[in-house]
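Heads up, the thing below is written out as structure tokens.
The values are calculated or read from the model by the stated rules, or taken from the named source; none is laboratory data. Treat the numbers as computed from the prediction; the structure is a model and nothing was measured. Note: ideal-geometry Cβ built from the backbone for every residue, glycine included; neighbour counts use all protein chains shown.
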Amino acid sequence: MKSPYTIIQSPVVTEKSVSATEGGKYTFRVSPDANKIEIREAIEQIYPNVHVVKVNTVSVRGKSYRLGRIKRGKRPDWKKAIVTLRPGEKIEIFEGV
């Protein structure tokens, strides 16, 4: 089995994701080949005092960019997971942001 720290790469801290924490929804950047069951188990292993109710995943396309007149590129594609916890449970990493 994969390590939970390779499945969950980092939390996504944006204005929209931080405001969703009031409803018990937390957003994480996850491995592109991870499925919902692996994400659920990884969150519950990393944060032992929470219970995951639901996991939604979104594959995000990388944006195109341009440097100067000639060089063009593309940021890598990535996957994010929106995890819903039981009512009343919190993840402390997002508190005070």
- prompt: Any idea which of (1) at negative phi; (2) surrounded by 15 or more Cβ atoms within 10 Å (Cβ to Cβ) is the one GLY24 doesn't satisfy?
  reply: (1)
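Quick check on the range 78-97: of everything there that is among the aliphatic types (A, V, I, L, M) and modelled with pLDDT of 95 or more, which residue is nearest to GLN9 (Cα to Cα)? Break it down into steps so the answer makes sense when it comes.
Taking the range 78-97 first, the residues among the aliphatic types (A, V, I, L, M) are 81-83, 85, 91, 93, 97.
Now restrict to residues that are modelled with pLDDT of 95 or more: 81-83, 85.
On the way: ALA81: 11, ILE82: 13, VAL83: 14, LEU85: 19 Å.
Among residues in the range 78-97 that are among the aliphatic types (A, V, I, L, M) and modelled with pLDDT of 95 or more, the one nearest to GLN9 (Cα to Cα) is ALA81.
For every residue, the table says whether it meets (1) within 20 Å of GLN9 (Cα to Cα); (2) in contact with a strand residue (DSSP E or B) (Cβ under 8 Å, 6 or more places away or on another chain).
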residue: THR21; (1), (2): yes, no
residue: GLU44; (1), (2): yes, yes
residue: THR57; (1), (2): yes, yes
residue: LYS63; (1), (2): yes, yes
residue: LYS71; (1), (2): no, no
residue: PRO76; (1), (2): yes, no
query: Right, GLY73: more than 14 Å from the chain's Cα centre (by Cα) and outside any strand (DSSP E or B) or not?
result: no
The lone exception for VAL83 - which of (1) in contact with a strand residue (DSSP E or B) (Cβ under 7 Å, 6 or more places away or on another chain); (2) assigned to a helix (DSSP H, G or I); (3) under 19 Å from SER3 (Cα atoms) it fails: (2)
message: If SER3 meets every condition in (1) surrounded by 11 or more Cβ atoms within 10 Å (Cβ to Cβ); (2) of a type in the set (Ser, Thr, Tyr); (3) over 15 Å from the mean Cα position of the chain (by Cα) apart from one, which number is that one?
response: (1)
